[in-house]
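Presented below is the structure to which this report refers.
The values are calculated or read from the model by the stated rules, or taken from the named source; none is laboratory data. If you're wondering where the values come from, they're calculated on a predicted model, not measured in any experiment. Cβ: placed from backbone, ideal geometry, glycine included. Neighbour counts: every protein chain shown.
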């Protein structure tokens, strides 16, 4: 009987999102991507395609694939200042703004070779090309430090240019620059990698009761375990209206842990305060330390 009236501790092991290797925290923030007008139409087209690929990677990671990241265009500039980023935050309504600017080098064409069993006259020949690209990426998080983060990279793209065999070298170069969509998508995907989430497995402890309101306690645990901490809050909220001071304090603690998982540390601390007013809950001090550690990062 004593055990039935006492709270039990249930540990859960879950993968938790950490800041990306870039150090930026993007979870829960509105993201906008801006590409600059290039020195040539080919540069602009390349950046637009790379920006689309970057957006898709970030959407898959942070938004469950929902197409919610806006892509915008701005005038070319030699550098990106804080003033420009402040302006882009206002224009795009993004909490985090990425600005992408690339410069394509002169295509180096190799031997134009005949294609056996070509399906059309326009693809009777194929000419491998090497095109260098230098990319600059600027990132500003309006909810973080008031600074512009700068990232630079370079790569050599190797498109294969199918043609009729009648083009001049200049014509082949023009066609090579127009055939970079797949290469631009690859560059956009590589650009995204430092900004994708890092996941760590961590242990989280919750309270539950075998007797009083056991169905609601267990339903909340099930929702947390399946990645729905907000739904768990709805399960545990009715438990605050009845039961002993200890059981209500345990429900407050569980709700605080749910908000911790939702990365709303302010509400997590408020629910811990509510628990403290009701009863001394042993697990509460550990959660407070975890919240403090997250806020320091």
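Give me a count of the residues in the range 65-84 that are surrounded by 21 or more Cβ atoms within 10 Å (Cβ to Cβ) and either at pLDDT 95 or above or touching a helix residue (DSSP H, G or I) at 6+ places or on another chain (Cβ under 6 Å) (or both). So the count comes out to 1.
Has the range 246-259 got at least one residue that is out of contact with any strand residue (DSSP E or B) (no Cβ under 7 Å at 6 or more places or on another chain) and surrounded by fewer than 16 Cβ atoms within 10 Å (Cβ to Cβ)? Taking every residue of the range 246-259 in turn, none turns out to be out of contact with any strand residue (DSSP E or B) (no Cβ under 7 Å at 6 or more places or on another chain) and surrounded by fewer than 16 Cβ atoms within 10 Å (Cβ to Cβ).
On inspection, residue 263 qualifies as within 33 Å of the chain's Cα centre (by Cα) and outside any helix (DSSP H, G or I). Of the residues examined, residue 175 is one that is assigned to a helix (DSSP H, G or I), closer than 26 Å to residue 36 by Cβ and touching a strand residue (DSSP E or B) at 6+ places or on another chain (Cβ under 6 Å).
From the list 256, 232, 249, the lone residue that is farther than 26 Å from residue 63 by Cα, modelled with pLDDT of 95 or more and touching a helix residue (DSSP H, G or I) at 6+ places or on another chain (Cβ under 6 Å) is 249.
Which residue is surrounded by the fewest Cβ atoms within 10 Å (Cβ to Cβ), if the candidates are limited to the range 194-224 and must be in contact with a helix residue (DSSP H, G or I) (Cβ under 9 Å, 6 or more places away or on another chain), touching a residue at least 60 places away in the same chain (Cβ under 8 Å) and part of a helix (DSSP H, G or I)? Of everything passing the filter in the range 194-224, 221 is surrounded by the fewest Cβ atoms within 10 Å (Cβ to Cβ). If you go through the range 38-64 and keep only what is modelled with pLDDT of 90 or more and assigned to a loop (DSSP other than H, G, I, E, B), you end up with just 63.
Note on the range 229-245: residues that are within 16 Å of residue 206 (Cα to Cα) and either free of Cβ contacts under 8 Å to residues at least 24 places away in the same chain or surrounded by fewer than 16 Cβ atoms within 10 Å (Cβ to Cβ) (or both) total 7.
So which of 26, 12 ends up being in contact with a strand residue (DSSP E or B) (Cβ under 8 Å, 6 or more places away or on another chain), surrounded by fewer than 16 Cβ atoms within 10 Å (Cβ to Cβ) and outside the structural domain of residue 106 (by TED's automatic domain parsing)? It is 12.
Can we say residue 291 is more than 30 Å from residue 23 (Cβ to Cβ) and either assigned to a strand (DSSP E or B) or free of Cβ contacts under 8 Å to residues at least 60 places away in the same chain (or both)? Judged against the criteria, residue 291 is not a match. Criterion first (under 22 Å from residue 291 (Cα atoms) and either buried (at least 17 other Cβ atoms within 10 Å of the Cβ) or at pLDDT below 90 (or both)) does residue 176 satisfy it? In short, no.
In the set 107, 128, only one residue is modelled with pLDDT of 90 or more, surrounded by fewer than 17 Cβ atoms within 10 Å (Cβ to Cβ) and in the same structural domain as residue 59 (by TED's automatic domain parsing); that residue is 128. Restricting the range 30-39 to residues that are in contact with a helix residue (DSSP H, G or I) (Cβ under 8 Å, 6 or more places away or on another chain) and surrounded by fewer than 19 Cβ atoms within 10 Å (Cβ to Cβ), the residue that is nearest to residue 141 (Cα to Cα) is 37.
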